[in-house]
Amino acid sequence: MTERAFELTGIRSIQETVPEKKKKWYQGKPMVSVAILLLIVLGCVCAEWIMTKDPTYMDLLNYNKAPDREFLFGTDTMGRDIFSMIWYGGRISLIIGGLSTVISTLIAVIVGAFSGMAPAWLDEAIMRFTEIFLSVPSLLLIILLQAIMGKATVLSLSFVIGVTSWTSIAKVVRTEVRQIRNSEFVIASRCMGGGFFHILWKHLAPNFFSAIMFMVIMNVRTAMMSEATLSFMGIGLPVEIITWGSMLSLAEKALMTGSWWIILIPGLFLVVTVLCLTNIGNACRQQANRRESNL
Amino acid sequence: MKQKKMAYYGKKVLIFLFSVLILSITVFYVARLAPGDPLVSYYGERSEKMSPEEREWAMEKLGLNEPISVQYVKWVKNALHGNFGISFKYKQDVTEVIGGRIGNTLLLGGIGFLCIFAGSLLLGIVCAWQEDKMADRILCKLGTISSCIPEFWIALVLILIFSVNLKLLPSSGAYSTGNAGNIGDRALHLVMPLTIVILEHLWYYAYMIRNKILEEVRVDYVLLAKAKGLNKKKIMFHHCIRNVMPAYLSIMAIAVPHVLGGTYVVESVFSYPGIGALSYESARYHDYNLLMLLCMMSGILVIFCNIVSQTINEQIDPRMRAEEITEQSEVVEQ
C-alpha cells in the first residue's frame, strides 16, 4: 500500500541505448592527410639523407634542365637541383609556418583574454583598435615592418607574419573569455589572489583551447602561404635562402623559357602541405551535432 | 523615436570619423618613422651623390624636415581643401596619378565582386539543397582545394598553360599597345586576372552561405511550413533564403574591401596597371603623399563597409546592438 504514494504517473520512458558499433581508432580521422603531412615533414627533417645533390651548389653546366634520371625534378635557372631544394627548403617553409603561428597565437591569446576580462569601455576600445589594425592593408604593414627590421631573415619574416595575423583568433578568444569570466572557478581563483597570467593559463586557456585549435592550424597554412607570396613578390626571403616560396621567385624567368617544372613542383608541394593542414584542421573543429533537416 | 534614430546614426558617423582620424595619424607616423630615404623616389639614383647641403635643401623643398606633428597638421589642412600633395615619383598631383589607374582596379574588382556575389549565393544554395549528397561533397572538396592554392601560383600556372603553351590569352597588362579603346582587347586581358580574383574568394563565401542555410533549414517554422504542405522549393526560396539574405548582405559588405584588396597580388603578377601595384610601389619607395592617400582610401572603405555591415545586422536583429548586450551582461553581473 505504501508504494502507491510513491507511484509516479508520467514516467519518462527510458530510451534503450543501442550499443554503438565500436569504431576503429582511425575512423573519422583524416589519416591520409596525416600520413602525407608526416611524410613531407619527415622528408624535410631528414633532408640530408634524401638529397642527391648539394641544394646550394649552382651547376652552371646543367641549368634549366627538365627532370631526368640525374636531376629527379630538374634544375632551376641557376643550376640548382630542385629535388634537393624541395626537402632542404621545405624545412624553412615549415619553420616559418610554425614560428609565426606561435607568435600570432601568443599575441592573440593575451590581447583577447585581456580584452575579455577588461571592463566594457576598455574592451570596446581594444576591439576598435583591432578593427583599425585590420583596416591597414596587411601587405603594406608587412613592407613597413620589413623596412624597419632590415634585411629579411627567417626570424624577422616569421615575426612580421605573426604580428599581422593575430586579430581573428583574438576575437574568438575574447568572446569565449567573456562567456566564462564570471564562472565560479574564475572568481574563486581571483579571490585567492591569482594574477592575470595565472588565471589565463590555469583556468581560461583550457576552456578556449578547443575553440581556437582550428584557427591555429589554419594560421599555420596562412603563414606558409604568405611566406610564399612575399618571397615570390621579392619582399620576403632572398633567393639564396631556399624555401618553397623563394624557389618560385624564379618563376618569371621560367615562364619565358617555358620550364614548367620550376613553377609546378615547389607549388605542388606547398599546396599539398597546406591541403593536408586544412583537412586536419577541419577534423579538429568538432562537428556540431546536426539535427535532422526539417526540409 | 525620430530623435533616437538621429542619435543612432550620429553615433555611427562619429565612430567613423574617429576611426579615420586614428588611422590617418597611425599611417602618417609609421610611414615617416620607417627607415628609408624618401629622396630616392624623387631624385632617383642621383640622391645618393647629393652633398649634405643639397639634401638639406631638397628636404626643405619637400617639406620633410619639420617635426612630424607639424607635417601632419599641414597635410590635414591641405587634404581638407582637396589638395593631397604631389607624388614624389611621378611628380604629378597624387589624385591624377591614382585617377589614371583606379578605373582598372575598379573594373577588375567590381566585376569580380559581382561574380562572387552571385556565384557564391548560387553555389551555397546548390550545396545546401544537395546536403551531404554527392554533388555537395564534391563541391566541398573542390572548394577546400581551391582555398588552399596561393593565388600567385595559380596565376603562374594559368599563364604557363594559356599564354606560354596554348598562346590563347595575353599574360600581362590591361590592353595591348595602341589598343586602349578596344573593348574586346581589354576583355581578353581581363579574363585571367578575373578568374583568379573570383576563384580565390568564391568558395569562402559560398561555404559561409551554405552553412547559414543549413542552420536555417533546421528551425521550427520549416517544419510548420512542411506540415502545411508547401513543397521543398517553395520553403527554400520563399522562406529560408529570404531569412538568410540580410546576413548574407552584411557579409558581402565586409567582402568589398577584401575583394578589392585581393587584387594586389593578381595585379602585380599580371603587371596590370591598377592601384594595387601602385600602393606596393609607394610603400616601398617612401612616396609619402601617394601612400597616404591610398591608405586612407582603402582604410575608409574598410571602416565604412564594416559600419554598414554592422548597421544591417543591428537593423535585422536588435539583439546584436552592442550597447544592449553590455547592458544585459551588466544586469546579469549585478
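The values are calculated or read from the model by the stated rules, or taken from the named source; none is laboratory data. Everything quoted here is computed from the prediction, not taken from an experiment. Glycine also receives a Cβ, built like all others from the backbone with ideal geometry; neighbour counts cover every protein chain displayed.
Any chance you could count how many residues in the stretch B:105-140 are more than 15 Å from the chain's Cα centre (by Cα), closer than 29 Å to B:A187 by Cβ and within 14 Å of chain A (Cβ to nearest Cβ)?
Count: 1.
Out of everything in the stretch B:282-306 that is of a type outside the set (F, W, Y) and more than 10 Å from chain A (Cβ to nearest Cβ), what residue ends up being surrounded by the fewest Cβ atoms within 10 Å (Cβ to Cβ)?
Initial filter on the stretch B:282-306 (of a type outside the set (F, W, Y)): B:282-284, B:286-287, B:289-303, B:305-306.
Add one more test, that the residue is more than 10 Å from chain A (Cβ to nearest Cβ), and what stays is B:287, B:289-290, B:292-293, B:296-297.
Numbers: B:D287: 26, B:N289: 22, B:L290: 29, B:M292: 22, B:L293: 21, B:M296: 17, B:M297: 15.
My answer is B:M297.
Can you name the residue in the stretch B:141-166 that is over 25 Å from B:A206 (Cα atoms) and more than 11 Å from chain A (Cβ to nearest Cβ) and, of all such residues, is nearest to the chain's Cα centre (by Cα)?
Once the filter is applied, the top-ranked residue is B:F162.
Would you confirm whether or not the stretch B:169-186 contains a residue that is at pLDDT 85 or above and within 26 Å of the chain's Cα centre (by Cα)?
Residues of the stretch B:169-186 that are at pLDDT 85 or above, as a first pass: none.
Within the stretch B:169-186, not a single residue is at pLDDT 85 or above and within 26 Å of the chain's Cα centre (by Cα).
Applying the selection to the stretch B:181-197, what residues are buried (at least 21 other Cβ atoms within 10 Å of the Cβ) and aliphatic (A, V, I, L, M)? Before you say what the answer is, go through the steps one by one.
Applying the first criterion (buried (at least 21 other Cβ atoms within 10 Å of the Cβ)) to the stretch B:181-197 yields B:189-190, B:192-193, B:196-197.
The answer is B:L190, B:M192, B:I196, B:V197.
Note down all Cβ pairs under 7 Å where the first residue falls in the stretch B:94-110 and is more than 16 Å from B:V266 (Cα to Cα), the second is outside any helix (DSSP H, G or I), and they're at least six residues apart or on different chains.
What qualifies is B:V94/B:F84; B:V94/B:G85; B:V94/B:I86; B:V94/B:S87; B:T95/B:F84; B:V97/B:S87; B:V97/B:Y90.
Could you grab me the full set of residues in the stretch B:262-303 that are in contact with a Phe, Trp or Tyr (Cβ under 9 Å, 6 or more places away or on another chain), outside any helix (DSSP H, G or I) and at negative phi?
Within the stretch B:262-303, B:G274, B:Y285, B:D287 meet the criteria.
Here is a check on your reading of the model: is B:Y175 in contact with an Asp or Glu (Cβ under 7 Å, 6 or more places away or on another chain) and within 28 Å of B:D287 (Cβ to Cβ)?
Values: in contact with an Asp or Glu (Cβ under 7 Å, 6 or more places away or on another chain): yes; within 28 Å of B:D287 (Cβ to Cβ): yes.
Spelling it out, B:Y175 is indeed in contact with an Asp or Glu (Cβ under 7 Å, 6 or more places away or on another chain) and within 28 Å of B:D287 (Cβ to Cβ).
Can you name the residue in the stretch A:227-241 that is surrounded by 18 or more Cβ atoms within 10 Å (Cβ to Cβ) and assigned to a loop (DSSP other than H, G, I, E, B) and is also farthest from the other protein chains (Cβ to nearest Cβ) among such residues?
Across the stretch A:227-241, the extreme among qualifying residues is A:L237.
Keeping to the stretch B:242-263, report how many residues are in contact (Cβ under 8 Å) with a residue 40 or more places away in the chain and away from every other protein chain (no Cβ under 12 Å).
Result for the stretch B:242-263: 11.
Output the residues belonging to the stretch A:68-95 that are assigned to a loop (DSSP other than H, G, I, E, B) and among the β-branched types (V, I, T). Outline the logic, then answer.
As a first pass, look at the stretch A:68-95 and keep what is assigned to a loop (DSSP other than H, G, I, E, B): A:68-74, A:76-80.
Across the stretch A:68-95, the qualifying residue is only A:T77.
I need the full set of residues from the stretch B:256-281 which are closer than 20 Å to B:K12 by Cβ and surrounded by fewer than 22 Cβ atoms within 10 Å (Cβ to Cβ), in order please. Don't jump to the end; show me each part of the working.
Of all residues in the stretch B:256-281, those closer than 20 Å to B:K12 by Cβ come to B:256-257.
Within the stretch B:256-281, B:V256 is the sole residue that qualifies.
Yes/no per residue for (1) surrounded by 20 or more Cβ atoms within 10 Å (Cβ to Cβ); (2) β-branched (V, I, T); (3) more than 30 Å from A:L155 (Cα to Cα); (4) modelled with pLDDT of 70 or more:
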position	(1), (2), (3), (4)
A:Q15	no, no, yes, no
A:K23	no, no, yes, no
A:Y26	no, no, yes, no
A:G43	no, no, no, yes
A:F73	yes, no, no, yes
A:S84	yes, no, no, yes
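For the stretch A:250-261, check the following and say yes or no: at least one residue is under 24 Å from B:I145 (Cβ atoms), surrounded by 24 or more Cβ atoms within 10 Å (Cβ to Cβ) and modelled with pLDDT of 80 or more.
Checking the stretch A:250-261: not a single residue is under 24 Å from B:I145 (Cβ atoms), surrounded by 24 or more Cβ atoms within 10 Å (Cβ to Cβ) and modelled with pLDDT of 80 or more.
Would you point out which residue out of A:M192, A:M247 is among the hydrophobic types (A, V, I, L, M, F, W, C) and either crowded, with 24+ Cβ neighbours inside 10 Å or modelled with pLDDT under 85 (or both)? If you could, list the steps in order and put the result at the bottom.
On the way: A:M192 fails: either crowded, with 24+ Cβ neighbours inside 10 Å or modelled with pLDDT under 85 (or both).
Answer to the check: A:M247.
From the list B:S329, B:S309, B:S282, pick out the single residue that is under 22 Å from A:M233 (Cβ atoms) and either modelled with pLDDT of 80 or more or out of contact with any His (no Cβ under 6 Å at 6 or more places or on another chain) (or both). Break it down stepwise before answering.
On the way: B:S329 fails: under 22 Å from A:M233 (Cβ atoms); B:S309 fails: under 22 Å from A:M233 (Cβ atoms).
Only one candidate passes the filter, namely B:S282.
Cβ-Cβ under 6 Å, sequence separation 6+ or interchain: first residue in the stretch A:201-212 and in a helix (DSSP H, G or I), partner of a type in the set (S, T, N, Q). Which pairs?
Listed pairs, sorted by first residue: A:H203/A:S189.
Take the stretch A:260-272 and flag every residue that is at the interface with another protein chain (Cβ under 9 Å from one of its Cβ atoms) and farther than 11 Å from B:W153 by Cβ.
A:W260, A:V272
Helices (runs of 4 or more DSSP H) wholly in the stretch B:57-156 with at least 3 residues that are out of contact with any helix residue (DSSP H, G or I) (no Cβ under 8 Å at 6 or more places or on another chain) and crowded, with 18+ Cβ neighbours inside 10 Å - which ones? Walk me through it before giving the result.
Numbers: elements: B:68-80, B:94-129, B:134-147.
Ranges flagged: none.
Pull up the stretch B:202-236, narrow it to residues that are over 13 Å from B:G124 (Cβ atoms) and buried (at least 17 other Cβ atoms within 10 Å of the Cβ), then point me to the one that is nearest to the other protein chains (Cβ to nearest Cβ).
Taking the stretch B:202-236 first, the residues over 13 Å from B:G124 (Cβ atoms) are B:218-235.
Restricting the remaining residues to those that are buried (at least 17 other Cβ atoms within 10 Å of the Cβ) gives B:222, B:225, B:235.
Details: B:V222: 4, B:A225: 9, B:I235: 6 Å.
Among residues in the stretch B:202-236 that are over 13 Å from B:G124 (Cβ atoms) and buried (at least 17 other Cβ atoms within 10 Å of the Cβ), the one nearest to the other protein chains (Cβ to nearest Cβ) is B:V222.
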